[in-house]
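The values are calculated or read from the model by the stated rules, or taken from the named source; none is laboratory data. Keep in mind the model is a prediction, meaning the values are calculated, not measured. With ideal geometry, Cβ positions are generated from the backbone for all residues, glycine too; neighbour counts draw on all protein chains shown.
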Amino acid sequence: MRGSNLRVKLKLNYEEIAKGVTKNIKVKKYVPCTTCSGSGAKDKGSVQNCGTCGGSGQVRRVQNTFLGQMQTVTTCPTCNGEGTTVTAKCTSCKGEGRVYAEETVSIEIPAGVQEGMQLTVGGRGNAGERGGPAGDLIILIEEELHKELHREGLNVAYDLHLSFSDAVFGTQVEVPTIDGRAKIKIPPGTQSGKVFRLKGKGFPGVNSYEKGDQLVQVNIWTPQNVSAEEKTMLEKLGQSPNFKPHPDKNGKSFFDKIRDMFS
Ligand SMILES: [Zn+2]
Ligand SMILES: [Zn+2]
């Protein structure tokens with residue numbers, strides 16, 4: 001009899017998913033009994049050939065039908081097809097041939113896995129009774145949320161907050177990515193809502209050579225508290241025609257951007 005499958009959840013962070021990782025996880029499961037090597041017998045002498053089937057594990061039956069003699073082969077009911085019977089049971093496993101224990105399993109996770117994906121590791125589930133083959137170990141992938149980055153399929157989204165003066169004068173900033181930090185040049189006059197695309201800085205496809213991008217959206221910080229002096233300066237600046245909004249008619253709308261962002 002084959003052992004049952006075992007399911008475990010495995011939480012991975014973005015960095016681990018981006019590169020792939022080898023994880024050693026502790027699993028509680030049935031493992032073959034080392035005392036009896038999985039036979040379930042107390043010793044070699046207590047394993048006997050099954051008297052019903054003579055050790056073949058199968059029984060043949062001959063039936064006379066109107067079509068003539070028909071032979072059917074079925075699993076031996078005495079030994080359940082094992083071919084042997086145990087006269088004295090192993091005391092460690094009570095004859096089951098397996099014991100419940102904790103085992104460390106090393107699993108190679110390929111790059112690009114996603115939340116909800118299942119990986120099957122053949123033969124690493126519960127051991128079967130009396131030397132039966134083990135079931136499979138099924139790993140259910142869970143994604144750990146990132147403090148700053150947000151996954152959207154193969155792409156990664158990041159909100160960049162810029163001061164008003166940096167947006168006016170332009171600057172160079174460093175942003176986090178799933179693979180270290182990346183530099184972005186912010187040109188002078190950058191508008192809030194502008195999206196910069198870092199090509200190939202997203203997640204790899206798990207079964208392809210595809211790679212996503214990182215999308216960096218600019219958010220310009222509006223001061224929420226200003227001093228009396230700052231207030232006077234801003235009021236004065238507000239009079240200047242340069243400070244009156246005059247959006248480019250050809251510029252993309254909010255809706256166009258949302259559509260483009262993850263396409
Ligand atoms: Zn045993
Ligand atoms: Zn038998």
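Within the range 200-242, being in contact with a Pro (Cβ under 7 Å, 6 or more places away or on another chain) and part of a strand (DSSP E or B) holds for one residue alone: 211. For residue 247, the requirement of being over 23 Å from residue 18 (Cα atoms), out of contact with any strand residue (DSSP E or B) (no Cβ under 6 Å at 6 or more places or on another chain) and surrounded by 10 or more Cβ atoms within 10 Å (Cβ to Cβ) is not met.
From the list 81, 45, 54, 68, the one residue that fits, being near ligand 2 (Cβ under 8 Å from one of its atoms), over 17 Å from residue 129 (Cα atoms) and not assigned by TED's automatic domain parsing to the domain that holds residue 129, is 54.
For first residues located in the range 72-93 and within 8 Å of residue 57 (Cβ to Cβ) and among the charged types (D, E, K, R), partners that are more than 8 Å from ligand 2 (Cβ to nearest atom) and in a loop (DSSP other than H, G, I, E, B) and lie 6+ apart or on another chain with Cβ distances below 9 Å form the pairs 82/1; 82/132. Scanning the range 1-52 for residues that are of a type in the set (A, V, I, L, M) and closer than 18 Å to residue 117 by Cβ yields 6, 8, 10, 12, 17, 18, 21, 25.
Of note, residue 50 does not satisfy the criterion of being within 16 Å of ligand 1 (Cβ to nearest atom) and closer than 26 Å to residue 36 by Cα.
Within the option set 47, 59, 99, being of a type in the set (A, V, I, L, M, F, W, C), in contact with a Phe, Trp or Tyr (Cβ under 8 Å, 6 or more places away or on another chain) and over 30 Å from residue 213 (Cβ atoms) holds for one residue only, 99. Out of all the residues in the range 198-219, is one or more over 29 Å from the mean Cα position of the chain (by Cα) and surrounded by 10 or more Cβ atoms within 10 Å (Cβ to Cβ)? Yes, because at least one residue in the range 198-219 is over 29 Å from the mean Cα position of the chain (by Cα) and surrounded by 10 or more Cβ atoms within 10 Å (Cβ to Cβ). A single entry from 29, 11 fulfils the requirement of being at pLDDT 95 or above, in contact with a strand residue (DSSP E or B) (Cβ under 6 Å, 6 or more places away or on another chain) and surrounded by fewer than 13 Cβ atoms within 10 Å (Cβ to Cβ): 11. The residues listed here are 135, 128; of these, the one that is in contact (Cβ under 8 Å) with a residue 40 or more places away in the chain, small (Gly, Ala, Ser) and within 16 Å of ligand 1 (Cβ to nearest atom) is 128. Can you name the residue in the range 105-153 that is buried (at least 16 other Cβ atoms within 10 Å of the Cβ) and among the acidic types (Asp, Glu) and is also nearest to residue 16 (Cα to Cα) among such residues? Of everything passing the filter in the range 105-153, 143 is nearest to residue 16 (Cα to Cα).
Only residues that are touching a strand residue (DSSP E or B) at 6+ places or on another chain (Cβ under 8 Å), without any contact (Cβ under 8 Å) to a residue 40 or more places away in the chain and on the phi > 0 side of the Ramachandran plot: list them for the range 187-200, please. Passing the criteria: only 200.
In this structure, does residue 44 turn out to be under 30 Å from residue 203 (Cα atoms) and surrounded by fewer than 17 Cβ atoms within 10 Å (Cβ to Cβ)? Spelling it out, it is not the case that residue 44 is under 30 Å from residue 203 (Cα atoms) and surrounded by fewer than 17 Cβ atoms within 10 Å (Cβ to Cβ). Which residues, taken from the range 201-254, are of a type in the set (Val, Ile, Thr) and either out of contact with any Gly (no Cβ under 6 Å at 6 or more places or on another chain) or on the phi > 0 side of the Ramachandran plot (or both)? Hits for the range 201-254 are 216, 218, 220, 222, 226, 232.
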